Amino acid sequence: ATLLRLQGVSKVFANGVTALRDLGFEIRTGEFLSLVGPSGCGKSTALRLIAGIAKPTSGTVEWAGAEATDHRSEIGFVFQEPTLMPWANVADNVWLPLRLRGVSRRDAMKRIHESLALVGLDDFAEAYPRELSGGMKMRVSIARALSLRPRLLLMDEPFGALDEITRFRLNDDLLRLKRDLGCTVVFVTHSIYESAYLSTRILVMSPRPGRVIAEIPGAASAPRD
Ligand code: ADP
Ligand code: ADP
């Protein structure tokens, strides 16, 4: 089933840069979709449009069977950098999206610990970001994105800054997580290798202005419909 659909999407920035031109694809429920393409082809821009953080210049981004609900609460976003608040401990960092929705720390505790357990860091709830390795910080960032139990998890080149060993390990952790949670994932990377390993489906984008030029199956098993 289709979860979300982009049709004829273009994005022209105020400085005149056309990042995307006539981008169209569907996100299917339960899939692990990778967007691959050269640096600057508009992958991050496409994710921001999907997240509703930015609006297309033309074209549409629509949830399938969309009622006029706030879909942002259905979306978790993992950024390129872990962007943790250095003055807050791990639990408070994971609390942030819930806190922004008015959930008290007390009510959020169960959810915070569940999310940290998913990424194997339940014992680090009281630790501060500076005490963690790069890979652990990224896992906290993933736990934070999961704290709202999103239907759709968007990840923007999340492991790009990590060494290769950590990256491989996190790739496996992510596959396990995806299987356990059953959420839909859209993953941005410039690594064809990484996309092949992780995804059920890969969309290859052209250089800027980005549009889909090829679709290839990934090595991960496809979701059942
Ligand atoms: P990718 O994620 O594939 O590297 P981006 O989506 O970050 O590509 O950027 C696509 C193009 O749009 C790039 O040329 C980038 O410089 C430009 N761009 C991105 N954001 C902005 C912005 N806010 N204003 C102007 N140009 C931007
Ligand atoms: P990552 O691959 O996530 O960056 P590392 O293996 O680099 O993690 O971890 C850095 C240090 O933190 C190592 O000494 C490792 O034993 C420790 N560490 C990482 N994750 C955990 C965990 N879940 N529980 C206990 N220690 C951990």
Revision key, fill the gap. From the option list S73, S10, single residue qualifying as at pLDDT 95 or above and outside any loop (DSSP other than H, G, I, E, B) is S10
Practice item. Kindly indicate whether any position in region 135-154 is modelled with pLDDT of 95 or more and within 16 Å of ligand 1 (Cβ to nearest atom). Key: yes
Practice item. State whether one or more residues within region 169-184 are away from ligand 1 (no atom under 16 Å from the Cβ), free of Cβ contacts under 8 Å to residues at least 60 places away in the same chain and over 30 Å from A1 (Cα atoms). Key: yes
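Residue by residue, here is whether (1) of a type in the set (S, T, Y); (2) within 8 Å of ligand 1 (Cβ to nearest atom); (3) more than 12 Å from V188 (Cα to Cα); (4) in contact with a strand residue (DSSP E or B) (Cβ under 9 Å, 6 or more places away or on another chain) holds:
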{"position": "F25", "(1), (2), (3), (4)": "no, no, yes, yes"}
{"position": "P38", "(1), (2), (3), (4)": "no, yes, no, yes"}
{"position": "T45", "(1), (2), (3), (4)": "yes, yes, no, yes"}
{"position": "A51", "(1), (2), (3), (4)": "no, no, yes, yes"}
{"position": "G59", "(1), (2), (3), (4)": "no, no, yes, yes"}
{"position": "E62", "(1), (2), (3), (4)": "no, no, yes, yes"}
Practice item. Tell me the strands (runs of 3 or more DSSP E) entirely within region 132-225 that contain at least 2 residues that are open to solvent by less than 20 Å² (accessible area, probe 1.4 Å). Key: 152-156, 184-189, 201-205
Point to revise | Given (1) in a loop (DSSP other than H, G, I, E, B); (2) touching a residue at least 40 places away in the same chain (Cβ under 8 Å), number of the condition G65 does not satisfy | key: (2)
Practice item. Please tell me if V119 is within 16 Å of ligand 1 (Cβ to nearest atom) and in contact with an Asp or Glu (Cβ under 9 Å, 6 or more places away or on another chain). Key: no
Practice item. Would you be able to say whether some residue in region 40-50 is open to solvent by 20 Å² or more (accessible area, probe 1.4 Å), closer than 16 Å to P158 by Cβ and of a type in the set (G, A, S)? Key: yes
Check your understanding: How do the pairs read when you match residues in region 155-166 that are farther than 17 Å from A46 by Cβ with residues anywhere that are at pLDDT 90 or above and within 10 Å of ligand 2 (Cβ to nearest atom), using Cβ under 6 Å and keeping only pairs 6 or more apart or on different chains?
Key -> F159/R167; F159/L170; L162/G134; L162/G135; T166/G135
Review point. L121 fails exactly one of the following numbered conditions: (1) at pLDDT below 95; (2) under 18 Å from N93 (Cβ atoms); (3) buried (at least 16 other Cβ atoms within 10 Å of the Cβ). What is the number of that condition?
Key: (1)
Point to revise | Given (1) at positive phi; (2) small (G, A, S); (3) touching a residue at least 60 places away in the same chain (Cβ under 8 Å); (4) assigned to a strand (DSSP E or B), number of the condition G30 does not satisfy | key: (4)
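The values are calculated or read from the model by the stated rules, or taken from the named source; none is laboratory data. It should be emphasised that the depicted structure is a prediction, and the values quoted were computed from it without experimental measurement. Because the Cβ atoms are built from the backbone with ideal geometry, glycine has one as well, and the counts that use them run over all protein chains shown. In case anyone asks, the SASA skips ligands and DNA or RNA and just uses the protein heavy atoms, side chains included. Shrake-Rupley method; radii C 1.70, N 1.55, O 1.52, S 1.80 Å.
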